[in-house]
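One structure is given below, encoded as C-alpha coordinates.
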Amino acid sequence: MIDDVGLGDAEDSGRVSFSTTLQNLLWAEAKRREGLAPHDHPHGLNALQADSPATRRLHLRHLEVAAECDLVAEQVMADVAARAGRAGASYPEMGSAARITRQAARNRWPMAVGTRWYLHTLTGRKDPHDVSLALLRSRDKAVSTGWEAVRKGDAASGGVVAALVCDSEHRVVWGCLFDFVQYDAVTTDLPADLVEVPDAGEAHTRWVSRWARFVNSEIERRAARP
(Lines give C-alpha, C1' and ligand atoms only; values in the text may rest on other atoms or scores of the structure.)
Protein backbone atom coordinates (compact mmCIF):
# COMPACT_ATOMS: atom_id res chain seq x y z
CA MET A 1 0.00 0.00 0.00
CA ILE A 2 1.36 3.45 -0.98
CA ASP A 3 1.28 5.91 1.89
CA ASP A 4 0.81 9.69 1.65
CA VAL A 5 4.56 10.31 1.85
CA GLY A 6 5.14 7.97 -1.06
CA LEU A 7 2.50 9.75 -3.12
CA GLY A 8 4.10 13.11 -2.32
CA ASP A 9 7.55 11.82 -3.33
CA ALA A 10 6.15 10.51 -6.60
CA GLU A 11 4.47 13.84 -7.34
CA ASP A 12 7.68 15.77 -6.58
CA SER A 13 9.64 13.39 -8.79
CA GLY A 14 7.16 13.92 -11.60
CA ARG A 15 7.48 17.69 -11.34
CA VAL A 16 11.29 17.47 -11.43
CA SER A 17 11.04 15.27 -14.51
CA PHE A 18 8.64 17.74 -16.17
CA SER A 19 10.98 20.65 -15.37
CA THR A 20 13.96 18.80 -16.81
CA THR A 21 12.04 17.90 -19.96
CA LEU A 22 10.98 21.52 -20.44
CA GLN A 23 14.52 22.81 -19.93
CA ASN A 24 15.85 20.30 -22.43
CA LEU A 25 13.24 21.44 -24.96
CA LEU A 26 14.30 25.07 -24.53
CA TRP A 27 17.94 24.16 -24.93
CA ALA A 28 17.19 22.09 -28.05
CA GLU A 29 15.26 25.01 -29.58
CA ALA A 30 18.11 27.41 -28.82
CA LYS A 31 20.52 25.05 -30.62
CA ARG A 32 18.13 24.70 -33.55
CA ARG A 33 17.95 28.47 -33.99
CA GLU A 34 21.74 28.58 -33.99
CA GLY A 35 21.81 26.03 -36.78
CA LEU A 36 22.92 23.14 -34.56
CA ALA A 37 21.30 19.73 -34.79
CA PRO A 38 20.22 18.10 -31.49
CA HIS A 39 23.31 15.87 -31.40
CA ASP A 40 25.77 18.37 -32.83
CA HIS A 41 28.46 19.90 -30.68
CA PRO A 42 28.20 21.55 -28.26
CA HIS A 43 26.11 19.03 -26.34
CA GLY A 44 25.78 21.23 -23.26
CA LEU A 45 26.14 24.76 -21.96
CA ASN A 46 29.73 24.13 -20.84
CA ALA A 47 30.97 22.64 -24.11
CA LEU A 48 32.15 25.99 -25.52
CA GLN A 49 34.76 28.28 -24.08
CA ALA A 50 33.12 30.54 -21.51
CA ASP A 51 34.26 33.80 -23.14
CA SER A 52 33.90 32.93 -26.82
CA PRO A 53 31.55 34.85 -29.16
CA ALA A 54 29.84 31.55 -29.98
CA THR A 55 29.12 30.90 -26.30
CA ARG A 56 27.72 34.40 -25.80
CA ARG A 57 25.53 34.05 -28.90
CA LEU A 58 24.21 30.67 -27.80
CA HIS A 59 23.42 31.89 -24.28
CA LEU A 60 21.56 34.90 -25.68
CA ARG A 61 19.62 32.63 -28.01
CA HIS A 62 18.75 30.43 -25.04
CA LEU A 63 17.52 33.51 -23.15
CA GLU A 64 15.43 34.52 -26.15
CA VAL A 65 13.76 31.12 -26.23
CA ALA A 66 13.13 31.15 -22.47
CA ALA A 67 11.52 34.61 -22.69
CA GLU A 68 9.36 33.45 -25.58
CA CYS A 69 8.32 30.42 -23.56
CA ASP A 70 7.23 32.76 -20.77
CA LEU A 71 4.97 34.64 -23.21
CA VAL A 72 3.52 31.39 -24.53
CA ALA A 73 2.91 30.17 -20.97
CA GLU A 74 1.05 33.40 -20.17
CA GLN A 75 -1.17 32.93 -23.22
CA VAL A 76 -1.82 29.31 -22.28
CA MET A 77 -2.69 30.27 -18.69
CA ALA A 78 -5.12 32.96 -19.87
CA ASP A 79 -6.87 30.45 -22.13
CA VAL A 80 -6.99 27.78 -19.43
CA ALA A 81 -8.25 30.30 -16.84
CA ALA A 82 -11.09 31.28 -19.17
CA ARG A 83 -12.05 27.63 -19.69
CA ALA A 84 -11.80 26.98 -15.96
CA GLY A 85 -14.11 29.94 -15.34
CA ARG A 86 -16.65 28.57 -17.80
CA ALA A 87 -16.46 25.29 -15.88
CA GLY A 88 -17.35 27.13 -12.66
CA ALA A 89 -13.91 27.67 -11.11
CA SER A 90 -13.54 30.64 -8.75
CA TYR A 91 -10.63 33.06 -8.41
CA PRO A 92 -9.50 31.48 -5.12
CA GLU A 93 -9.28 28.12 -6.89
CA MET A 94 -7.41 29.61 -9.85
CA GLY A 95 -5.03 31.42 -7.52
CA SER A 96 -4.30 28.22 -5.66
CA ALA A 97 -3.64 26.33 -8.90
CA ALA A 98 -1.35 29.08 -10.23
CA ARG A 99 0.30 29.61 -6.82
CA ILE A 100 -0.77 33.25 -6.61
CA THR A 101 -3.32 35.09 -4.48
CA ARG A 102 -7.02 35.34 -5.22
CA GLN A 103 -6.64 39.05 -5.98
CA ALA A 104 -3.65 38.44 -8.26
CA ALA A 105 -5.69 35.87 -10.20
CA ARG A 106 -8.56 38.36 -10.52
CA ASN A 107 -6.18 41.07 -11.78
CA ARG A 108 -4.40 38.69 -14.14
CA TRP A 109 -7.53 37.19 -15.72
CA PRO A 110 -10.30 39.75 -15.11
CA MET A 111 -12.74 38.18 -17.59
CA ALA A 112 -12.19 34.53 -16.60
CA VAL A 113 -14.89 34.37 -13.92
CA GLY A 114 -18.43 35.52 -14.45
CA THR A 115 -19.53 33.26 -17.28
CA ARG A 116 -21.84 31.34 -14.93
CA TRP A 117 -24.71 33.14 -13.23
CA TYR A 118 -26.98 31.57 -10.62
CA LEU A 119 -30.61 32.65 -10.44
CA HIS A 120 -32.28 31.92 -7.08
CA THR A 121 -36.06 32.36 -6.82
CA LEU A 122 -38.31 32.30 -3.77
CA THR A 123 -41.95 31.31 -4.24
CA GLY A 124 -45.00 31.88 -2.04
CA ARG A 125 -45.85 35.02 -0.10
CA LYS A 126 -45.46 33.39 3.31
CA ASP A 127 -43.61 30.49 4.89
CA PRO A 128 -42.99 27.80 3.96
CA HIS A 129 -41.35 29.14 0.80
CA ASP A 130 -40.03 27.03 -2.02
CA VAL A 131 -36.66 27.85 -3.54
CA SER A 132 -35.38 27.03 -7.00
CA LEU A 133 -32.02 27.49 -8.70
CA ALA A 134 -31.19 27.99 -12.38
CA LEU A 135 -27.82 28.32 -14.10
CA LEU A 136 -27.45 30.80 -16.96
CA ARG A 137 -24.49 31.88 -19.11
CA SER A 138 -25.44 35.56 -19.27
CA ARG A 139 -25.86 38.00 -16.40
CA ASP A 140 -28.41 40.02 -18.37
CA LYS A 141 -30.40 36.88 -19.11
CA ALA A 142 -30.32 35.81 -15.47
CA VAL A 143 -31.52 39.23 -14.28
CA SER A 144 -34.26 39.53 -16.92
CA THR A 145 -35.50 36.00 -16.19
CA GLY A 146 -35.66 36.72 -12.46
CA TRP A 147 -37.31 40.09 -13.01
CA GLU A 148 -40.03 38.69 -15.27
CA ALA A 149 -40.70 35.79 -12.89
CA VAL A 150 -41.27 38.17 -9.98
CA ARG A 151 -43.27 40.82 -11.81
CA LYS A 152 -45.90 38.40 -13.14
CA GLY A 153 -48.05 39.43 -10.20
CA ASP A 154 -49.12 35.98 -9.01
CA ALA A 155 -46.89 35.96 -5.92
CA ALA A 156 -49.95 36.03 -3.64
CA SER A 157 -51.12 32.73 -5.11
CA GLY A 158 -47.81 30.94 -4.74
CA GLY A 159 -45.79 32.47 -7.56
CA VAL A 160 -42.28 33.89 -7.40
CA VAL A 161 -42.04 36.53 -4.69
CA ALA A 162 -38.29 37.29 -4.88
CA ALA A 163 -35.25 36.60 -7.02
CA LEU A 164 -31.53 37.21 -6.89
CA VAL A 165 -28.54 36.57 -9.14
CA CYS A 166 -25.08 35.41 -8.02
CA ASP A 167 -21.81 35.32 -9.93
CA SER A 168 -19.48 32.33 -10.22
CA GLU A 169 -18.10 33.07 -6.75
CA HIS A 170 -21.63 32.96 -5.32
CA ARG A 171 -21.73 36.68 -4.55
CA VAL A 172 -25.09 38.39 -5.02
CA VAL A 173 -24.96 40.97 -7.83
CA TRP A 174 -28.68 41.76 -8.12
CA GLY A 175 -31.90 41.17 -6.24
CA CYS A 176 -35.58 42.03 -6.46
CA LEU A 177 -38.87 41.22 -4.73
CA PHE A 178 -42.57 41.73 -5.33
CA ASP A 179 -44.07 44.90 -3.87
CA PHE A 180 -47.75 44.25 -3.17
CA VAL A 181 -48.44 48.00 -2.89
CA GLN A 182 -47.04 48.89 -6.30
CA TYR A 183 -48.02 45.41 -7.49
CA ASP A 184 -44.78 45.12 -9.39
CA ALA A 185 -41.22 43.90 -9.00
CA VAL A 186 -38.78 46.28 -7.32
CA THR A 187 -35.03 45.94 -6.93
CA THR A 188 -33.67 45.69 -3.42
CA ASP A 189 -30.33 45.68 -1.64
CA LEU A 190 -29.56 42.73 0.59
CA PRO A 191 -28.09 42.95 4.10
CA ALA A 192 -24.43 42.02 4.54
CA ASP A 193 -25.16 38.50 5.82
CA LEU A 194 -26.93 37.57 2.58
CA VAL A 195 -24.50 38.79 -0.09
CA GLU A 196 -22.42 35.58 0.00
CA VAL A 197 -24.41 32.45 -0.88
CA PRO A 198 -23.05 29.16 0.50
CA ASP A 199 -22.77 26.34 -2.02
CA ALA A 200 -24.81 23.67 -0.30
CA GLY A 201 -25.46 21.87 2.94
CA GLU A 202 -26.50 23.27 6.30
CA ALA A 203 -24.94 26.68 5.63
CA HIS A 204 -27.00 27.06 2.46
CA THR A 205 -30.17 26.02 4.27
CA ARG A 206 -29.56 28.68 6.92
CA TRP A 207 -28.90 31.25 4.21
CA VAL A 208 -32.22 30.43 2.49
CA SER A 209 -34.01 30.83 5.81
CA ARG A 210 -32.42 34.26 6.39
CA TRP A 211 -33.28 35.33 2.84
CA ALA A 212 -36.90 34.27 3.32
CA ARG A 213 -37.15 36.21 6.60
CA PHE A 214 -35.66 39.27 4.93
CA VAL A 215 -38.12 39.07 2.02
CA ASN A 216 -41.08 38.62 4.40
CA SER A 217 -40.05 41.59 6.55
CA GLU A 218 -39.35 43.78 3.53
CA ILE A 219 -42.76 43.00 2.02
CA GLU A 220 -44.46 43.80 5.33
CA ARG A 221 -42.46 47.02 5.69
CA ARG A 222 -43.46 48.18 2.23
CA ALA A 223 -47.11 47.27 2.84
CA ALA A 224 -47.13 49.30 6.09
CA ARG A 225 -45.89 52.50 4.46
CA PRO A 226 -48.46 55.33 4.44
J(HN,Hα) series, region 191-202, from Karplus relation 6.51 cos²θ - 1.76 cosθ + 1.60, nearest Hz, glycine and proline x: x, 4, 7, 10, 6, 10, 9, x, 4, 6, x, 4
Within-14-Å neighbourhood charge of ARG210 [Cβ basis; K, R +1; D, E -1]: -3
On Cα atoms only, tilt of 53-86 relative to the major axis of the chain in degrees: 20
Choice from LYS141, LYS31, LYS152 with maximal GNM fluctuation in the chain (Cα, 10 Å cutoff): LYS31
Order of exposure, largest accessible area first, which applies to LEU60, LEU26 with probe 1.4 Å: LEU60, LEU26
Residue of ALA112, ALA81, ALA104 that the Gaussian network model of the chain assigns the largest fluctuation, springs spanning Cα pairs under 10 Å: ALA104
(i) 17.0, 54; (ii) 19.8, 66; (iii) 28.3, 92, with the label sought being that of the calculated Rg and Dmax of the Cα atoms in Å: (iii)
Most to least accessible of VAL76, VAL173 (protein chains only, probe 1.4 Å): VAL76, VAL173
Proximal charge balance of ILE219 [Cβ under 10 Å; K/R count +1, D/E count -1]: +1
Sparsely packed chymotrypsin sites (Phe, Trp or Tyr not before Pro) within region 140-226, loop by DSSP, other Cβ within 10 Å at most 15: TYR183
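The values are calculated or read from the model by the stated rules, or taken from the named source; none is laboratory data. The structure presented is a predicted model; accordingly, all values stated were derived computationally and were not measured. In this analysis, Cβ positions are derived from the backbone assuming ideal geometry, glycine residues included, and neighbour counts consider all displayed protein chains. Calculation scope for accessible area: heavy atoms of the full protein, side chains included, ligands and nucleic acids excluded. Shrake-Rupley method; radii C 1.70, N 1.55, O 1.52, S 1.80 Å.
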